[in-house]
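The values are calculated or read from the model by the stated rules, or taken from the named source; none is laboratory data. The model shown is predicted, which means the values in this text are computed figures rather than measured ones. Cβ coordinates were reconstructed from backbone atoms using ideal geometry, including for glycine residues, and neighbour counts include every protein chain displayed. Accessible surface areas use protein heavy atoms only, side chains included; no ligands, DNA or RNA. Shrake-Rupley method; radii C 1.70, N 1.55, O 1.52, S 1.80 Å.
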Amino acid sequence: MNLRDRVATTTALSRTRFARIFALTAATAAFLALDISAATAQIETVVVTARKRAENVQNVPVAVTALTGEKLDQYNITTINQVAAQTPQLIIQRGSSGSGADISLRGIGSSSENIGIEQSVAVNVDGVYLGQGRAINEGFFDMKQVEILKGPQALYFGKNATAGVISLETNDPTDEFEAMVRAGYEFTSDAPYIEGVVSGPVTDDLGLRLAVRGSDMFGGYIENQAPGGLVYNTFDIATGTITPHTTDKPEKDLPGSKNGLARLTAKWEPISDLTITGKLAFDAYDNRDSGYNIEPIICPLGHTQANPTETCSKNWKIQQNDFPQGLAASDPIIDKAHGRMFEQFQSYTGIVNAEYVTPEYTLSSVSGFQHLFNDWGSDQDFTGMPSVMAGEHFKWHAFSSENRILTTLDFPVNFSGGFYYQSTRLDFNQDVIFASLEDSTVVDPTTRYVAYRKLSATSGSTYSVFGQLIWDIVPGLELTGGARYTHEIKQSFFRQPYVNGAVQGLFVQYDPANPATQIVAHQDFDNLSPEAVLTWKPMDNLTIYGGYKQGFKSGGFSNSAILSGATNPADLQFHPEKVKGVDGGVKSTWFDNQLQVDIDIYDYLYSDLQVDFFNTPTFNYITLNATSARTEGAEVQAQFAPEDFKGLLFSGTLAYNEAHYGTFNAPCYPAGQAYEQGCTVARTVLANGRSVYSPCSLNNTAGDCLFQNVSGSATALAPKWTASLEADYTTPVSENLQLGLTGNVRFSSGYLTNPFGSSIGEQSDYAMLDAIVRLGSTDNKWQFAVIGKNLTDQYVLTYSAGLPLSGANTGNSLSNPVAPPLLADIGGTALDPRSVEIQITYRF
């Protein structure tokens with residue numbers, strides 16, 4: 001089949017899927033379309049900005065889950081991780097290094113090992129795109145709303161939203177004076193917190209709002225069982241001297257986080273049609289260890305291969321050491337906590353929104369900058385032995401501006417469009433200590449105990465224009481169509497300015513006179529992502545929609561990789577990720593707003609899905625593009641507030657999702673996978689960076705059987721079934737007191753926790769329970785609450801990977817008498833265990 005035929009076939013299939021989905025949603029709507037009337041509405045009207053304008057969520061042709069500020073406060077949700085815990089099909093994994101996160105929605109996400117990868121699920125704060133996975137470290141509070149938009153959102157959001165968007169909207173100043181103070185204490189981690197808000201008008205046209213929050217975790221929910229007193233002997237390659245260095249006993253309770261946040265907001269209305277809102281935010285936290293959430297869970301030998309005294313289990317217990325005495329003091333990157341493990345994060349964000357509204361059009365602009373710093377130093381083999389240690393300094397600077405126009409003419413056709421610009425700079429510096437190496441003759445004393453030092457940076461510029469026509473065909477029937485064109489440039493380099501002489505045969509030291517000792521990349525990306533959506537409102541309480549969308553996430557550079565003799569330079573560059581497909585839905589409100597039922601059906605095909613991999617025996621990072629992946633399924637969201645039981649609200653979700661690879665030759669996983677276990681493919685890299693894969697024989701002696709065909713297997717973090725049910729009841733207990741009770745049960749079927757089709761480390765089916773008891777005044781002036789999360793104490797994995805210094809002889813036969821394969825140890829990260837907290841709120 002030639003290219004023209006393939007394009008025609010693909011287009012026909014897309015049209016067929018769209019027709020089927022729209023027909024199915026219309027049939028569902030007809031089934032629901034009953035002439036029902038009842039009494040007083042109880043379900044809150046939620047306004048969202050999924051299409052960059054304020055609309056009732058029931059009228060928006062987008063699959064969206066909205067968490068109101070009231071619900072965020074009710075559950076004390078202050079991180080994106082906690083948002084995921086309340087949202088079926090949204091799973092967030094917090095990493096210790098690399099990008100620091102994998103945000104996955106409907107089984108599509110971005111691996112956390114590569115600091116140069118941007119997320120497939122974009123994080124957007126007050127209209128500004130935050131491009132780094134470290135955005136999950138941004139604590140948030142005093143929120144107006146959080147919206148989770150599902151599926152590609154290329155047209156309305158600046159960039160990189162192939163799987164969806166998490167849109168965070170903070171509170172603005174109020175028209176009248178208000179103040180609030182809230183204090184709480186979480187018992188599992190021994191963590192008190194306090195926050196306060198002051199808001200109100202300063203003049204007739206200027207309002208201010210100041211919100212601050214602080215917390216201090218004296219304990220933790222992870223137990224570090226490393227005993228201390230272990231000896232790490234360094235060998236000086238210059239003198240042959242062996243010097244013992246002893247570890248102190250580390251902090252037992254992790255992560256021991258300290259967090260401080262502040263946000264100042266000013267809202268100015270110099271004239272009636274113009275509103276300018278500015279926000280300045282600061283966020284900082286310290287942890288006692290960056291890798292506290294990685295626990296050895298599966299070991300082929302019954303214990304970790306680097307430490308026979310450490311068993312593998314799933315119990316929130318780890319063994320990680322502080323830096324051996326004397327090693328950290330010479331290196332400013334890893335000595336920021338004076339030899340202790342640490343993670344330090346700081347973020348400075350500024351956002352300016354301007355909106356000018358007339359009866360004929362609305363002009364809007366949003367500009368933002370972010371300076372982000374993240375430093376950590378930690379035991380990185382996660383095996384309890386002081387063998388691999390590292391420290392990192394990471395900086396991220398970004399500025400963006402988007403300017404839009406929306407016409408509201410008294411005419412059937414209107415227009416929305418604008419342009420977007422972003423400039424970014426990523427700087428990465430990491431020191432790695434291992435193999436007992438020392439060199440007392442180094443010119444730079446900070447490298448005395450360093451095995452190798454990595455230095456990398458990427459500068460990026462993004463330009464895009466977008467436009468959309470909005471056609472009201474007849475009353476109640478709207479067709480929108482538009483596209484976003486994006487041009488992106490990235491300039492990157494990677495080098496290792498220092499490598500200890502003993503390992504220069506393995507790692508490549510940078511030589512300014514030899515260009516081959518560093519990797520330099522210039523990348524240009526261009527994309528046009530169209531979309532078209534048909535929305536029909538046959539009656540006020542019913543919205544039916546169906547559409548075709550495309551999305552685009554830029555390619556990039558693996559800044560946190562390693563340059564060794566086994567590294568192919570092409571592996572450090574990865575291609576853009578693209579998506580196209582259809583979705584449709586029904587949003588309905590019944591019984592005079594006592595019942596809401598929303599249904600969404602979708603089918604999306606991804607090409608060049610970005611997947612990152614760490615080869616544990618060779619210390620080699622590989623960034624790959626899966627040839628294709630597909631996600632298809634259906635979701636139902638419902639709310640029911642029965643008039644006969646005032647104060648009672650039921651909320652529920654049910655979702656089915658099938659996310660799997662099309663064609664994907666993945667790295668053998670874990671390291672040490674045998675030929676008989678599927679490690680049967682060899683790879684050849686072409687001059688253009690693309691790869692060709694071919695089968696290799698059992699008797700292959702080239703050592704290149706390092707890949708496997710996982711076509712058709714499930715993607716990572718993709719449960720087929722998820723469901724939730726929440727009941728919330730508020731009732732007066734006296735003239736001035738009211739009682740509130742909330743229970744929330746969430747279910748997930750099992751899923752893979754790695755992106756390479758392996759059932760090793762698979763998470764099985766589970767259910768989690770949260771509950772809240774509230775007692776307060778009927779005027780909401782004060783409230784006392786007890787909040788319980790994960791009351792069933794479920795150990796839920798969100799990630800698994802091979803641990804360093806484990807696994808051997810990948811691709812060999814199990815019958816190989818000389819070098820039989822040995823599977824790597826597996827480490828995993830899990831959600832937090834059971835927690836119970838008390839919280840007191842007082843409003844002035």
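Just checking my list [x] 53, 36, 26; [y] 48, 37, 24; [z] 44, 32, 27 against semi-axes √(5λ) of the Cα gyration tensor in Å computed from this structure; which label fits?
Calculated semi-axes √(5λ) of the Cα gyration tensor in Å: the matching label is [z].
Evaluate the distance, in nm, between pseudo-label points positioned 7 Å from the Cα of D175 and of T239 along their respective Cα→Cβ axes.
It is 7.7 nm.
Nothing charged except the Cβ atoms of Lys and Arg (+1) and of Asp and Glu (-1): what's the magnitude of the dipole of the chain about its Cα centre? Round to the nearest 20 debye.
Using only the charged Cβ atoms, the result is roughly 1640 debye.
Of all the accessible heavy-atom surface of region 232-390, with the other protein chains kept in place and a 1.4 Å probe, what percent is carbon and sulfur?
58 percent
How far is helix 3-32 tilted off the main Cα axis of the chain, in degrees rounded to 10, range 0 to 90?
Once rounded, one gets 50 degrees.
Which one, L654, L624, W590, is farthest towards the positive end of the dipole of region 558-687 when Lys and Arg carry +1 and Asp and Glu -1 on their Cβ?
Of the listed residues, the answer is L624.
Among A238, Q225, Y675, flag the residue with its Cα farthest along the positive direction of the charge dipole of the chain, charges on Cβ as +1 for Lys/Arg and -1 for Asp/Glu.
Most positive-ward Cα: Y675.
From the phi of every residue in region 720-727, what ³J(HN,Hα) in whole Hz does the Karplus formula 6.51 cos²θ - 1.76 cosθ + 1.60 yield, where θ is phi - 60° and glycine or proline is x?
Values per residue, Gly and Pro as x: 6, 10, 9, 7, 8, 9, 10, 10 Hz.
Can you give the FRET efficiency to the nearest 0.05 for D592 and T730, using r as the Cβ-Cβ distance and R₀ = 30 Å?
Once rounded, the FRET efficiency stands at 0.90.
Hull surface divided by four, with the convex hull built on the Cα atoms of region 216-275: how many nm²?
10.1 nm²
So which GluC sites (Glu not before Pro) in region 682-787 end up in coil per DSSP with only 14 or fewer other C-beta atoms within 10 Å?
Listed in order of number, the matching sites are E735, E762.
Which percentage, to the nearest 5, of the DSSP beta bridges contained in the chain is antiparallel?
So the antiparallel bridges amount to about 95 percent of the total.
Find the relative contact order for region 245-294 and round it to a whole percent, using C-alpha pairs within less than 8 Å whose residues are 6+ positions apart.
44 percent
Considering only protein heavy atoms and a probe of 1.4 Å, how much of the accessible area of region 661-784 is carbon and sulfur, as a whole percent?
Roughly 56 percent, rounded to a whole number.
Leaving out same-chain residues fewer than 8 places away, which lysines sit with a Cα under 18 Å from that of K267?
Correct list for K267: K144, K279.
For the pair S749 and Q325, what calculated FRET efficiency results from E = 1/(1 + (r/R0)^6), where r is the Cβ-Cβ distance and R0 = 35 Å, to the nearest 0.05?
0.10
Holding the Cα-Cα limit at 31 Å, pick out from K395/K553; K52/K490; K454/K580; K249/K314; K71/K150 the pairs that are longer than that.
Violating the 31 Å limit, Cα to Cα: K454/K580.
Leaving out ligands and nucleic acids, and using a 1.4 Å probe, what accessible area per residue does the chain come to in Å²?
38 Å²
With +1 on each Lys and Arg Cβ and -1 on each Asp and Glu Cβ, and nothing else charged, work out how big the dipole of region 281-414 is about its Cα centre, in Debye to the nearest 20.
Computed charge dipole of region 281-414: roughly 180 debye.
Carbon-plus-sulfur fraction of the accessible area of region 451-512, 1.4 Å probe, in percent?
64 percent
Quote the accessible area belonging to L769 in square angstrom, nearest 10, computed with a 1.4 Å probe and with ligands, DNA and RNA left uncounted.
60 Å²
Could you work out the mean projected area of the convex hull around the alpha carbons of region 156-250, in square nanometres to one decimal?
14.7 nm²
Only Cα pairs under 8 Å and at least 6 apart count here; give the relative contact order of the chain as a rounded whole percent.
It comes to 11 percent, rounded to a whole number.
In whole Å, what is the distance between the alpha-carbon centres of region 243-273 and region 156-191?
15 Å
Counting alpha carbon pairs within less than 8 Å and at least 6 residues apart, what relative contact order, in whole percent, applies to region 58-151?
Result for region 58-151 is 33 percent.
Heavy atoms of the protein only, probe of 1.4 Å, neighbouring chains included. What is the accessible area of L725 in Å², nearest 10?
Approximately 100 Å² for this residue.
Would you work out which of G555, L72, T407 lies farthest towards the positive end of the dipole of the chain? Charges go on Cβ: Lys and Arg +1, Asp and Glu -1.
My answer, from the dipole projection, is G555.
If you wrap region 257-337's Cα atoms in a convex hull and average its projection over all directions, what's the area in nm²?
10.5 nm²
List the aspartates and glutamates whose Cα lies under 20 Å from the Cα of K720, skipping any in the same chain that are fewer than 8 positions away.
Filter leaves D102, D583, D598, D600, D603, E632, E635, E658, E762, D765.
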